1. Provide a single number: the residues in the stretch 141-161 that are away from the ligand (no atom under 16 Å from the Cβ) and touching a His at 6+ places or on another chain (Cβ under 7 Å).
2. Only one of 164, 236 is more than 16 Å from the ligand (Cβ to nearest atom) and buried (at least 18 other Cβ atoms within 10 Å of the Cβ); which?
3. Check the stretch 140-148 and report whether any residue there is in a loop (DSSP other than H, G, I, E, B) and in contact with a Gly (Cβ under 8 Å, 6 or more places away or on another chain).
4. Collect the residues in the stretch 25-79 that are polar (S, T, N, Q), over 15 Å from residue 11 (Cβ atoms) and under 18 Å from the mean Cα position of the chain (by Cα), keeping them in residue-number order.
5. Can you find even one residue in the stretch 126-133 that is small (Gly, Ala, Ser), touching a residue at least 24 places away in the same chain (Cβ under 8 Å), surrounded by fewer than 18 Cβ atoms within 10 Å (Cβ to Cβ) and more than 16 Å from the ligand (Cβ to nearest atom)?
6. Please count how many residues of the stretch 1-19 are crowded, with 19+ Cβ neighbours inside 10 Å and out of contact with any strand residue (DSSP E or B) (no Cβ under 7 Å at 6 or more places or on another chain).
7. So for the stretch 225-234 (the condition being in a strand (DSSP E or B) and of a type in the set (Phe, Trp, Tyr)), does at least one residue qualify?
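The values are calculated or read from the model by the stated rules, or taken from the named source; none is laboratory data. Predicted, not measured: the structure shown is a model, and the values here were computed from it. For neighbour counting, all protein chains shown are included, and Cβ atoms are generated from backbone atoms with ideal geometry for every residue, glycine included.
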Amino acid sequence: MAIRVTFWHEFRHEKTVEKVKSIYPDGLHAYLKSCLECDDIKITLAALDDPNQGITDELLENTDVLMWWGHMAHHEVNDELVEKIRKRVYAGMGFLPLHSAHHSKPFKRIIGCTGNLTWGRNQKAIVWNLAPWHPIAKDIPLNFQIIEELYSEPFYIPKPDEIIFATWFEDGNIFRGGVTYRRGLGKIFYFHTGHEEVESLKDQNVQRVIKNGIYWCAPESTGSYNGDNLHQTEPILK
Ligand code: ZN
């Protein structure tokens, strides 16, 4: 069965900023969907201004991997929805936040951090592949170059399980730009690319990393255990 991905997108910049609209006329979520969807991956688009802020209970229940892009309206996301997302991740749903989702409510709630970092102008960047043996780095060269918004250390996150990519920036900064966590039964991969005013999401290596991330974040099993608290009423020994 194909991995059921929901890509939640704030989808505001493309409506209000001409430059962004010209790069992604239908939204960066629709653009990435057209690049990533295949027999193994089916993507449902969701946006902040949709009913229920794009995510109904039914959609959440039928999502294997939730992708997230937000920037200017993190504060508008409903706290109740954020808590539902956290619970689903703890029960096994994958979570793949991109770029400025480091400041999104779901990222901060699931990981347990402020997500603060240092940021600056768009510039040349080299993404270094620190874990070429890892499934997320499959078919990714040892390094590749993009234009991206400066994100820099210190990045206020708990120690990641794995640092898959670290990015060097032209201004001299470095950033742990591709990190994994496990929270509950769920797997999380944060990747820093995807500023709305540059075209890094059109880079083939960036798209491959995101696709690899979807495969890696997908739940490993569809078994019946969902992490619920169980009350045993009968002894096991007969
Ligand atoms: Zn940005």
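1. 0
2. 164
3. Scanning the stretch 140-148 turns up no residue that is in a loop (DSSP other than H, G, I, E, B) and in contact with a Gly (Cβ under 8 Å, 6 or more places away or on another chain).
4. Across the stretch 25-79, the qualifying residues are 34, 62, 63.
5. The answer is yes, given that some residue of the stretch 126-133 is small (Gly, Ala, Ser), touching a residue at least 24 places away in the same chain (Cβ under 8 Å), surrounded by fewer than 18 Cβ atoms within 10 Å (Cβ to Cβ) and more than 16 Å from the ligand (Cβ to nearest atom).
6. Going through the stretch 1-19 one residue at a time, the tally reaches 3.
7. So far as the stretch 225-234 goes, no, none of its residues is in a strand (DSSP E or B) and of a type in the set (Phe, Trp, Tyr).
So that you can scan it fast, the table gives a plain yes or no per residue for (1) touching a residue at least 24 places away in the same chain (Cβ under 8 Å); (2) out of contact with any Cys (no Cβ under 8 Å at 6 or more places or on another chain); (3) within 16 Å of the ligand (Cβ to nearest atom):
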residue	(1), (2), (3)
95	yes, no, no
99	yes, yes, yes
105	yes, yes, no
109	yes, yes, no
117	yes, yes, yes
121	yes, yes, yes
